[in-house]
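Single-structure report; data block below.
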Amino acid sequence: MSNGRAIEILLVEDNPGDVRLTREALKEGKILNHVSVAGDGVEALSFLRREGKYAAAARPDVILLDLNLPKKTGHEVLAEIKHEPDLKRIPVVILTTSVADQDILKAYDHHANCYINKPVDLEQFMRVVRSIEDFWCTIVKMPVGG
């Protein structure tokens, strides 16, 4: 998928600890990547739409989206992404602590590409993030140019 360039990942996460761990896991992975972080749902959509300070933002190859976000929930962000023609083909991986059936159903109703429960255990968390990277960045065939 990378064609020699870094994989662009947008991490939408408001917990600084989870941001740090995710970055660390991705850094240890075997895929060259660049991670951008949005700390809330409004910021994530501004980044994706290249608004304001994000005018020069790179289009992500994959989005890691938490559901429990300030300003706009992950569900709202997902719904907007999947309804915008310029964004809807970007794979969105829900990475959240919620195991609630209604959250899982709602995520898939809004066309999430997959739903992953964020492990509490550090080693498991690192393994899950590396698995996401390996799957989406080496195994999956993506359309060129989004």
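The values are calculated or read from the model by the stated rules, or taken from the named source; none is laboratory data. A quick note: this is a predicted structure, and the numbers were derived from the prediction, not measured. So basically every Cβ, Gly included, is an ideal-geometry build from the backbone, and we count neighbours across all protein chains shown. Areas reflect the complete protein model, heavy atoms only, side chains present, ligands, DNA and RNA absent. Shrake-Rupley method; radii C 1.70, N 1.55, O 1.52, S 1.80 Å.
Taking a cut-off of 19 Å between Cα atoms, list the aspartates and glutamates near residue 82, but don't count ones fewer than 8 places away on the same chain.
8, 13, 40, 43, 51, 61, 66, 103, 109
Can you give the three extents of the C-alpha atoms in region 14-82 along their principal axes, from longest to shortest, in whole Å?
Taking max minus min along each principal axis of the Cα atoms, region 14-82 gives 31, 26, 21 Å.
Nearest 500 deg cm²/dmol is fine: what mean residue ellipticity at 222 nm does the chain get from its DSSP H runs of n ≥ 4 alone, each adding -39,500 (n - 2.57), divided by its residue count?
-11000 deg cm²/dmol
Would you mind giving the average projected area, over all directions, of the Cα convex hull of the chain in nm² with one decimal?
Convex hull of Cα atoms, orientation-averaged projection: 8.2 nm².
Once you keep just the Cα pairs under 8 angstrom separated by 6 or more residues, what percentage relative contact order results for the chain?
25 percent
Amide H of residue 34 versus every other amide H placed in the peptide plane: which residues, excluding those fewer than 5 positions away on the same chain, fall under 5 Å?
HN-HN under 5 Å from residue 34: 7, 8, 9.
With a probe of 1.4 Å, find how much accessible area region 1-112 has per residue, and write the answer as a whole number in Å². Write out the running numbers ahead of the final one.
Numbers: 5610 Å² over 112 residues.
It amounts to 50 Å² per residue over region 1-112.
What distance in nm separates the simple spin-label points at residue 34 and residue 86, each placed 7 Å from Cα in the Cβ direction?
1.8 nm
May I ask which of 72/118; 27/88; 27/106; 30/106 have a Cα-Cα span longer than 22 Å here?
27/88; 27/106; 30/106
Carbon and sulfur: what percent of the chain's accessible surface (1.4 Å probe)?
Exposed carbon and sulfur together represent 52 percent of the surface.
For residue 32, what is the net charge nearby, where nearby means another residue's Cβ is under 11 Å from its Cβ and Lys, Arg count +1, Asp, Glu -1?
Local charge sum for residue 32: +1.
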